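Structure first, then comments.
The values are calculated or read from the model by the stated rules, or taken from the named source; none is laboratory data. Everything numeric in this text was worked out from a predicted model, so none of it was measured. Here the Cβ positions follow ideal geometry from the backbone for every residue, glycine too, while neighbour counts run over all protein chains shown.
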Amino acid sequence: MKLCGFRISNYHDKVRLALLEKGIEHEEDATCTPRQTDEFLTRSPRGKSPFLELDDGRCLTESQAICEYLDEAYPAQPLLPRDPLRRARVRELVAHMELYLELPARRTYGFVFFGRPVDEAVKQAVEKDLARGVRALGALTKFDPCIAGPELTLADCAAFVHLPLVSLATRLGYGRDALEDVPGLVPLPRDARQAAGVCPGEGRPKGGARGGAE
Ligand SMILES: N[C@@H](CCC(=O)N[C@@H](CS)C(=O)NCC(=O)O)C(=O)O
């Protein structure tokens with residue numbers, strides 16, 4: 001299978017983390033940058049990346065659909081808990097991070113990262129939206145030690161790629177990290193994350209943080 005898209009994209013990297021954590025062999029095609037050509041639209045109907053191209057040529061879009069497909073099709077090293085409510089909690093967290101944090105913050109990327117003119121109305125609206133998103137994230141996160149509980153899940157893959165961007169964009173755009181208000185979200189040094197086994201993309205701890213729950 002081939003992961004089509006480019007690495008600087010947080011959505012691409014979320015899928016890549018899931019592939020790495022699950023140990024699924026794959027190739028990457030970095031030439032698949034978003035575009036609206038007829039050929040591209042047959043593979044990704046909205047013209048976006050990432051998408052996954054299976055060995056028989058069929059393509060699947062939307063990073064969360066891709067991650068959940070991978071978790072079901074390759075059940076070893078699961079990234080969703082077995083219990084239905086806990087599975088739903090992971091999806092709930094991902095939805096909150098993407099809909100109420102990453103997407104609003106994305107509206108600032110133009111002026112924050114690319115020097116485009118600041119639209120004050122957008123800036124203020126985003127600040128208000130983010131405050132609500134951060135409050136909700138604070139209410140939902142567990143840090144036990146992973147974001148949704150004892151096991152590393154797809155919510156950690158999402159947090160690992162989206163939250164640093166939201167942090168950076170708000171620090172640069174508003175002079176304050178919007179995520180400061182999420183209890184427990186103070187970034188851990190890399191060594192501590194590795195020791196706790198909560199460093200996605202760097203393999204699982206042996207009998208450690210994923211816990212004996214399953
Ligand atoms: N909801 C999509 C978001 C993917 C996305 O927005 N990708 C960006 C690159 S980071 C893109 O393709 N942008 C071009 C466009 O929206 O046309 C997913 O989860 O895969």
Got a sec? Which of Arg82, Arg87 is part of a loop (DSSP other than H, G, I, E, B), under 12 Å from Thr153 (Cβ atoms) and modelled with pLDDT of 95 or more? Arg82
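What are the residues in the range 127-155 that are outside any helix (DSSP H, G or I) and among the basic types (Lys, Arg), if any?
Our first condition is that a residue be outside any helix (DSSP H, G or I); within the range 127-155, this holds for 141-153.
If the condition is that a residue be outside any helix (DSSP H, G or I) and among the basic types (Lys, Arg), then Lys142 is the only one that fits.
For the range 116-136, state whether one or more residues are of a type in the set (S, T, N, Q) and in contact with a helix residue (DSSP H, G or I) (Cβ under 8 Å, 6 or more places away or on another chain).
No, the conditions are met nowhere in the range 116-136.
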Output for the range 119-132, where each listed residue is surrounded by 13 or more Cβ atoms within 10 Å (Cβ to Cβ) and more than 17 Å from Ala178 (Cβ to Cβ): Asp119
Check Asp156, Asp181 and return the single one that is more than 24 Å from Ser63 (Cα to Cα) and at pLDDT 50 or above. Asp181
Any residue at all in the range 13-21 that's away from the ligand (no atom under 15 Å from the Cβ) and either in the same structural domain as Asp156 (by TED's automatic domain parsing) or crowded, with 19+ Cβ neighbours inside 10 Å (or both)? yes
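Over 30 Å from Gly23 (Cβ atoms), surrounded by 14 or more Cβ atoms within 10 Å (Cβ to Cβ) and modelled with pLDDT of 95 or more, is that true of Val161? Full working, then the answer.
Working: over 30 Å from Gly23 (Cβ atoms): no; surrounded by 14 or more Cβ atoms within 10 Å (Cβ to Cβ): yes; modelled with pLDDT of 95 or more: yes.
In short, no.
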How many residues does the range 22-41 hold that are under 19 Å from Tyr109 (Cβ atoms) and more than 15 Å from the ligand (Cβ to nearest atom)? 0
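Suppose we filter Gln36, Gln64 for residues that are touching a residue at least 60 places away in the same chain (Cβ under 8 Å) and of a type outside the set (D, E, K, R); which single one remains?
On the way: Gln36 fails: touching a residue at least 60 places away in the same chain (Cβ under 8 Å).
None of the other options fit; the residue is Gln64.
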When you look at Val94, is it away from the ligand (no atom under 12 Å from the Cβ), under 25 Å from Leu130 (Cβ atoms), in the same structural domain as Ala131 (by TED's automatic domain parsing) and out of contact with any strand residue (DSSP E or B) (no Cβ under 7 Å at 6 or more places or on another chain), yes or no? no
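Take the residues in the range 59-78 that are acidic (Asp, Glu) and over 15 Å from Lys48 (Cβ atoms); name whichever of them is farthest from the ligand (Cβ to nearest atom).
In the first step, residues of the range 59-78 are kept if they are acidic (Asp, Glu); the result is 62, 68, 71-72.
When the remaining residues are screened for being over 15 Å from Lys48 (Cβ atoms), the result is 68, 71-72.
Values: Glu68: 11, Asp71: 15, Glu72: 17 Å.
If we take residues in the range 59-78 being acidic (Asp, Glu) and over 15 Å from Lys48 (Cβ atoms), then Glu72 is farthest from the ligand (Cβ to nearest atom).
Which members of the range 172-183 meet the condition of being part of a helix (DSSP H, G or I) and within 19 Å of Ala125 (Cβ to Cβ)?
We begin by selecting, within the range 172-183, every residue part of a helix (DSSP H, G or I); these are 172-174, 178-181.
Within the range 172-183, Leu172, Gly173, Tyr174, Ala178, Leu179, Asp181 meet the criteria.
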Those residues of the range 90-116 that are at pLDDT 95 or above and outside any helix (DSSP H, G or I) come to a total of 0
